[in-house]
Amino acid sequence: MSSSVLYDAPGPKARVRNRIFSVVGALAVLGLIVFAVVRLNDKGQFAPQMWDIFNYAGVRTSIRDGVLTTLKVFAVAAVLSLVLGVLLAVGRLSDHKPVRWFATAFIELFRAVPLLITIYVLWVLFLTYRSDLGLSGDDTGFWALVIGLTVYNGSVQAEVLRAGINAVPKGQREAAYALGMRKTQVMMTVLVPQAVRAMLPTIISQLVVTLKDTSLGYVITYQELLFQLQQLAGNTVVNDDNPYVPVIIVGGAIYIAMCLALSALATWIERRGRRAKTGIRVADAGQPLAAADALDVIDQSAPAAPEDAAAGKTN
């Protein structure tokens, strides 16, 4: 039986009790799902006519426009949040106190304020000063959503990158300074690339959160995917009822597909970054190199000087 400081391994009685609770909980959740499906089926939400609406070109076009708008917001917010995250992480690690204090205050503020409030406040400000800023109606919603996502997710990404930078061994930093590199060069060419590679799974996970948070544009009536789905379900009547359940299922499937695609891209990038680099492999102490490895060492080593070669032939 193994145990740790934070968790005690359950004994035989506890394991039996946990299994019983798991089975009871699973049956309760399954019962609720079956009950909800039966009630919705009785209301006609799963009737074939409800699903026929997706055969219309106008419905498919509306969903397509919502997906494209969502991806556009995500692409801009993702790039800006990563750039802002790098700047805030470097600023929080700065030796200059005003820069460090400003970066820390910015990060803590926008991590603490709910993202929905940030987006709504920005939207109201852009609506108020729209004429002065030269923004149209669509631009106000777009930039309110993009900037809100940028400042929040950029603050989170900054903390992720800061943790990755602090995880880089100090010897690499000291070696870079010993070579005469400036602090900016050390940070941008030595520390940040390694931090990004080490924290890539967490960075991608936050990007998935950014993609899902684009649905908050619904609150400011920006025509992203969720808003388009709500308008579609609210304005369509089939059998004297609105097709909310089919629209929710289709919309949820689209969101899941986009998030899975982003996660698959992250997995591919991570595997590509972890490929072994070519180079000379050093054998363990007291163990000879294999024949193939020995040939690699001979091929990659520098050619001997002429006098060394002649000496070798003489011996």
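The values are calculated or read from the model by the stated rules, or taken from the named source; none is laboratory data. In this text, all values refer to a predicted model and were calculated from it rather than measured experimentally. Cβ placement follows ideal geometry from the backbone for every residue including glycine, while neighbour counts extend to all protein chains displayed. Surface areas here come from the heavy atoms of the whole protein model, side chains and all, with no ligands, DNA or RNA. Shrake-Rupley method; radii C 1.70, N 1.55, O 1.52, S 1.80 Å.
What does the accessible area of PHE54 come to, in Å² to the nearest 10, when a probe of 1.4 Å is used?
40
Given a Förster distance of 22 Å, report the FRET efficiency between THR184 and VAL83 from their Cβ-Cβ distance, rounded to the nearest 0.05.
E between THR184 and VAL83, to the nearest 0.05, is 0.85.
As a test of the definition: which semi-axes, in Å, follow for the range 110-212 when you take the square root of five times each eigenvalue of its alpha carbon gyration tensor? Largest first, please.
The three semi-axes for the range 110-212 are 37, 16, 10 Å.
Please give the net charge around VAL160, taking every other residue with its beta carbon less than 14 angstrom from that of VAL160, where Lys and Arg add +1 and Asp and Glu add -1.
Taking every Cβ under 14 Å from that of VAL160, the sum is +3.
Once phi is turned into ³J(HN,Hα) by the Karplus curve 6.51 cos²θ - 1.76 cosθ + 1.60 with θ = phi - 60°, what whole-Hz value does each residue of the range 149-158 show in order, with x for glycine and proline?
5, 5, 5, 6, 5, x, 5, 5, 4, 4
For a quick check of understanding: with a 1.4 angstrom probe and all protein chains in place, what accessible area in square angstrom does VAL90 have, to the nearest ten?
For VAL90, solvent-accessible area is about 50 Å².
Determine the gain in length on full extension of the stretch ARG111-ARG272; use 0.36 nm per residue of separation and subtract their C-alpha separation, reporting nm with one decimal.
Taking ARG111 through ARG272 to full extension adds about 54.8 nm, to one decimal.
On the full set of protein chains, 1.4 Å probe, figure out the accessible area of TYR218 and give it in Å² to the nearest 10.
Around 90 Å² of this residue is reachable by solvent.
If R₀ is 51 angstrom, what is the calculated FRET efficiency for the pair ASP139 and ARG17, using the beta carbon separation as r and rounding to 0.05?
Values: r = 58 Å, r/R0 = 1.14.
The value I calculate is 0.30.
By how many nm would the segment from THR128 to LEU260 grow when fully extended, if each residue of separation counts as 0.36 nm and the alpha-carbon distance is taken off?
Difference between extended and current length: 43.7 nm.
Go ahead and run the numbers for FRET between ALA57 and TRP101, Cβ-Cβ distance against an R0 of 51 Å, rounding to 0.05.
0.35
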